[in-house]
Amino acid sequence: MTQERLARTMDLPPAISQPNIFPLSWRTESAQASRLEDIWKAARREYWDPEALPWPALDVSRYSAEQREAIAYWFTLLSVFDASAPPVFANALTRTYEVHEEDAVRRAFFSIERDEQNHEQFCGLAISRLTPGGPLDYEPQTDLGKRAQRNAKWLYHNGGRYWTGYNKALPRYSLAVVFSSFLMGETAAATLFHHMASHCEEPVFKEGFRNIGRDEGRHMAVCLTLMERDYPKISAEDRALVTKQIRAGYVFLSGVLFEPPEDFWDLPDDFIATQREIEEVARGAGFGVATYEQKRENWHQAMLNVKGVLDRYDIPFPAIPEVGISGEEITDIDYENIIPIF
Ligand SMILES: [Fe+2]
Ligand SMILES: [Fe+2]
């Protein structure tokens with residue numbers, strides 16, 4: 001096939017059809033861009049290396065096999081959210097280039113991408129020390145460990161469903177709708193890691209969670225800044241979508257922040273009982289997973305924070321009776337179309 005040589009027929013090339021993957025421009029337009037620059041600078045300053053954490057001080061033989069399997073299970077549960085974050089965010093980052101976002105926005109998204117890769121790596125470093133080969137290729141040593149692995153496989157199954165849904169949903173929504181879902185995820189993450197950092201006794205976990213919590217705080221700030229830029233002019237149609245996505249985000253993220261509701265989660269009947277048992281063992285080992293009551297309270301508080309943001313822009317908040325929040329009743333969610341991120 002011979003390639004058409006436009007350059008022989010025209011003085012200047014034709015206009016590039018849009019959306020084109022990348023802009024050839026570095027625009028600063030909004031009043032919020034300078035705050036995004038500050039966040040970008042903070043992200044570089046606060047960058048950390050998961051491998052440089054005090055891993056040598058982690059003596060896994062201090063823990064029983066059951067305790068190791070229980071703690072590794074929790075990291076696996078976390079990984080279902082955090083290991084999907086790099087590819088999920090990579091797609092969102094690509095989107096910011098496609099829509100020719102401002103320069104500072106592209107870099108803010110890039111910093112989130114880089115952080116999420118660290119969070120995922122941290123999970124892997126913990127799991128490989130506690131249960132080598134885990135979660136899938138590790139041979140469980142206890143009965144609880146066996147049941148934990150079965151739970152892990154079901155979690156992974158559900159994480160895969162989410163990925164498929166996300167990829168279908170992302171191109172259909174405006175970035176404004178996407179930001180609200182991200183805010184939900186980042187708020188959930190910041191809440192979770194704040195709790196883990198203050199309740200875990202093992203120094204390497206404590207420090208890792210503290211670093212991750214700080215990263216998630218920056219991610220929240222990126223979402224809030226972009227909402228401040230875009231929400232005063234958000235369309236009525238997008239408003240309704242935001243309310244729905246918040247409810248979907250609650251259901252999806254409850255898998256790690258609280259307990260997985262049946263709305264989305266396809267899990268065996270004994271899943272929650274097993275998970276409660278595992279978390280009890282982990283807590284006994286000084287690994288500070290929240291109790292049912294603490295989770296409910298943390299999640300309630302996190303939802304109130306997100307509600308406070310939506311109220312600012314007069315966007316109705318969905319009812320979340322599970323954690324005692326009243327609001328707009330949302331029933332028609334298509335769980336094949338959810339876009340929260342962690
Ligand atoms: Fe994260
Ligand atoms: Fe995040």
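The values are calculated or read from the model by the stated rules, or taken from the named source; none is laboratory data. What you see is a predicted model, and the numbers here were worked out from it, not measured in a lab. Cβ atoms come from the backbone with ideal geometry, glycine included; neighbour counts cover every protein chain shown.
Just a few scattered comments:
- Any chance Glu186 is under 22 Å from Trp55 (Cα atoms) and either without any contact (Cβ under 8 Å) to a residue 12 or more places away in the chain or not β-branched (Val, Ile, Thr) (or both): no
- Flag for Phe122 being buried (at least 22 other Cβ atoms within 10 Å of the Cβ), among the aromatic types (Phe, Trp, Tyr), within 19 Å of the chain's Cα centre (by Cα) and closer than 19 Å to Ala282 by Cα: yes
- Screening Ile71 with (1) at pLDDT 95 or above; (2) among the aliphatic types (A, V, I, L, M); (3) within 23 Å of Pro260 (Cα to Cα); (4) under 18 Å from the mean Cα position of the chain (by Cα) gives one miss only, at (4).
- Residue in the stretch 98-107 that is over 26 Å from Ala176 (Cα atoms) and at pLDDT 95 or above present: no
- Some residue of the stretch 275-286 being part of a loop (DSSP other than H, G, I, E, B), of a type outside the set (S, T, N, Q) and surrounded by 13 or more Cβ atoms within 10 Å (Cβ to Cβ): yes
- Residues in the stretch 240-291 that are of a type in the set (A, V, I, L, M) and in contact with a strand residue (DSSP E or B) (Cβ under 8 Å, 6 or more places away or on another chain): Ile246 only.
- Of all residue pairs spaced 6 or more apart or on separate chains, none has beta-carbon atoms under 7 Å together with a first member in the stretch 75-96 that is without any contact (Cβ under 8 Å) to a residue 12 or more places away in the chain and a second member that is more than 13 Å from ligand 1 (Cβ to nearest atom) and assigned to a helix (DSSP H, G or I).
- Tally of residues being near ligand 1 (Cβ under 10 Å from one of its atoms) and either of a type in the set (Lys, Arg) or surrounded by 22 or more Cβ atoms within 10 Å (Cβ to Cβ) (or both) across the stretch 79-95: 4
- Just one residue in the set Arg106, Arg95, Arg129, Arg114 is of a type in the set (Lys, Arg) and within 16 Å of ligand 2 (Cβ to nearest atom); that residue is Arg114.
- Qualifying residue in the stretch 75-91 (condition: touching a Leu at 6+ places or on another chain (Cβ under 8 Å) and under 30 Å from Ser17 (Cβ atoms)): yes
- Residue satisfying all of: in the stretch 13-32; under 20 Å from Arg229 (Cα atoms) and among the hydrophobic types (A, V, I, L, M, F, W, C); surrounded by the fewest Cβ atoms within 10 Å (Cβ to Cβ) among these: Ala31
- Residue among Tyr156, Tyr231, Tyr162, Tyr138 that alone is aromatic (Phe, Trp, Tyr) and not in a helix (DSSP H, G or I): Tyr138
- Residue match in the stretch 26-49 (condition: hydroxyl-bearing (Ser, Thr, Tyr) and assigned to a helix (DSSP H, G or I)): yes
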